[in-house]
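Notes follow once the structure below has been shown.
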Amino acid sequence: MKDSRAAMHRGSNLQVLKYEDRRAMGKTAADMVSQKITKLFNQQQFVNMIFAAAPSQNEFLSALIQNETIEWQRINAFHMDEYIGLSENDSRTFSSFLKEKIFSKLPFHTVNYINGNAIDPDTECKRYAELLSKYPTDIVCMGIGENGHIAFNDPHVADFNDPVKVKVVSLDSDCRQQQVNDKCFDLLDEVPTHAITLTIPALMAGKYIYCMVPGEKKAKAVFNTLNAEINEKCPATILRRHASTMLFIDKNSGALL
């Protein structure tokens with residue numbers, strides 16, 4: 001499907017691209033990310049990428065792994081959040097999701113997991129923050145939550161000026177319910193109450209952000225991202241201040257625009 005592109009979101013650098021369906025959205029997003037990777041390879045030896053783990057990313061990840069022209073062995077891969085308390089082999093962890101969808105399918109130079117079962121979560125946050133400092137982020141591939149969160153920065157814990165790159169957070173009720181809505185968990189009581197997440201400054205430090213947000217349940221979040229006052233009540237509004245962000249939506253997530 002041909003996309004409908006806004007030249008720029010008013011008052012920001014945010015570009016919004018709308019598609020008829022999730023498949024077209026994911027395919028085009030993957031193509032654009034692939035093109036950016038190739039361009040960066042002309043400037044540097046390695047590319048550092050952060051990936052989100054969520055059903056909203058399925059079409060994008062499926063299309064991305066089909067690209068046989070990318071030198072995946074020159075990419076360092078990271079993920080942006082992880083539950084605390086699920087067993088290492090639990091298929092509902094974000095590391096398991098990404099391993100299944102992309103990390104095990106491509107020959108990355110390194111894959112860097114957050115350990116949600118670390119004995120000391122604060123120490124794990126520091127370890128992962130040091131990795132992010134060692135490998136400055138080039139590309140962030142992400143989504144937006146139903147409550148406007150990015151990564152696990154829900155409104156009650158989001159901080160646009162967070163002094164750390166990675167932190168332990170509690171998850172609000174809307175965020176936890178979304179995991180049930182997305183069929184990642186059967187019952188709300190099964191959803192962990194805490195997680196380790198990259199903070200908003202850590203995400204915003206990426207040179208390029210590609211944000212894939214399909215589905216009718218995300219319509220309010222997309223509307224608020226583009227129209228609400230820029231503050232932590234809708235964490236995703238901060239994307240309007242990033243120098244290079246592309247927001248990919250489908251007709252359902254863009255229904256309120």
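Coordinate-derived values only; no laboratory data. This one's a predicted model, so the numbers in the text were calculated from it and none came from an experiment. Glycine gets a Cβ as well: all are built from the backbone with ideal geometry, and neighbour counts include every protein chain shown.
Kindly provide the helix-only [θ] at 222 nm of the chain, computed as the sum of -39,500 (n - 2.57) over DSSP H runs of four or more divided by all residues, to the nearest 500 deg cm²/dmol?
Helix-only estimate at 222 nm: -8000 deg cm²/dmol.
Report the local net charge at Asp174: Lys and Arg +1, Asp and Glu -1, summed over other residues whose C-beta lies under 12 Å from its C-beta.
0
When only Cα pairs under 8 Å and 6 or more residues apart are kept, what is the percent relative contact order across the chain?
So the answer I get is 25 percent.
Rank the residues Cys184, Cys211 as a footprinting-exposure proxy: fewest other Cβ atoms within 10 Å of their Cβ go first.
Fewest to most other Cβ atoms nearby, the residues stand as Cys184, Cys211.
Kindly give Rg over Rh for the chain, based on alpha-carbon atoms, with the Kirkwood expression for the hydrodynamic radius.
Rg/Rh: 0.93.
Only counting other Cβ atoms within 10 Å, I'd like Lys220, Lys27, Lys167 sorted with the fewest neighbours first.
By the 10 Å Cβ count, ascending, the order reads Lys220, Lys27, Lys167.
I want to check the label-to-label distance for Asn42 and Phe160. Put each point 7 Å from Cα in the C-beta direction and report it in nm to one decimal.
Distance between label points: 3.5 nm.
Considering only the other residues whose Cβ falls under 11 Å of the Cβ of Val164, what net charge follows from Lys and Arg at +1 and Asp and Glu at -1?
With Lys, Arg at +1 and Asp, Glu at -1, the net is 0.
Mean separation of Cα pairs under 8 Å and 6+ residues apart, divided by the residue count of segment 64-200: what relative contact order is that in percent?
After rounding, I find 28 percent.
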